[in-house]
Amino acid sequence: MPRRLQTVLIILISLLSVSLNAKERIYYKINHDTCRVKIVDNFKSSEDMNYKDLVVDLLKERNYQTSFLGPRRKIITGDFHLNFSWNRTGENVYKACDVEVTLKRSRINRTQSDDKVIFENSSKRALPRVTFKGKERCRRAINDVFNLLPHCILRKK
């Protein structure tokens, strides 16, 4: 019996060490010269401003240098531009929150709709139903979308 207990403990310790090491490593990444991303500024309402801060924070966690795209849509060739949109949908009292994110790399010095798509994801959250307006649903949907966004690693020159 003690022999089995030792074996189980060794297996358990090895599994814990593997899971702890996995959290430190970044598996989904993209190499880029500058890691600059311009966010398309379509944030208008006061609630949009809360989500704007969340989007900027989530991008900075993944090592992107953020700024907002001006009305001329000028960008440095090869940099990223991100389009973020959210919408509440549904006929119920508790509306679901739909979030979409598209990250593209520019080919020329302006953003275009046919630029190469690097990352695209969407999420729909109908739960939790804590409030009628659903700010918590939208925050969770935004976190869901950005969970799969690749980390930006500066390319060594």
Radius ratio Rg over Rh of the chain, counting only Cα atoms, Kirkwood formula for Rh: 1.13
Additional length obtainable on full extension of the chain from ILE10 to ASP114, 0.36 nm per residue less Cα span: 32.1 nm
Share antiparallel - DSSP beta bridges, the chain, percent rounded to 5: 60 percent
Additional length obtainable on full extension of the chain from SER46 to HIS151, 0.36 nm per residue less Cα span: 34.9 nm
Estimated vicinal HN-Hα couplings, Hz - the range 77-85 in sequence order (Karplus 6.51, -1.76, 1.60; Gly, Pro = x): 4, x, 7, 8, 9, 10, 10, 10, 9
In the range 74-156, chymotrypsin sites (Phe, Trp or Tyr not before Pro) in a DSSP loop with at most 15 other beta-carbon atoms within 10 Å: PHE132
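None of the figures in this text is laboratory data; all of them are computed from the coordinates on show. These numbers were taken from a predicted model, which means no experiment stands behind them. Using ideal geometry, Cβ is built from the backbone for each residue, glycine included, and neighbour counts are taken over all protein chains shown.
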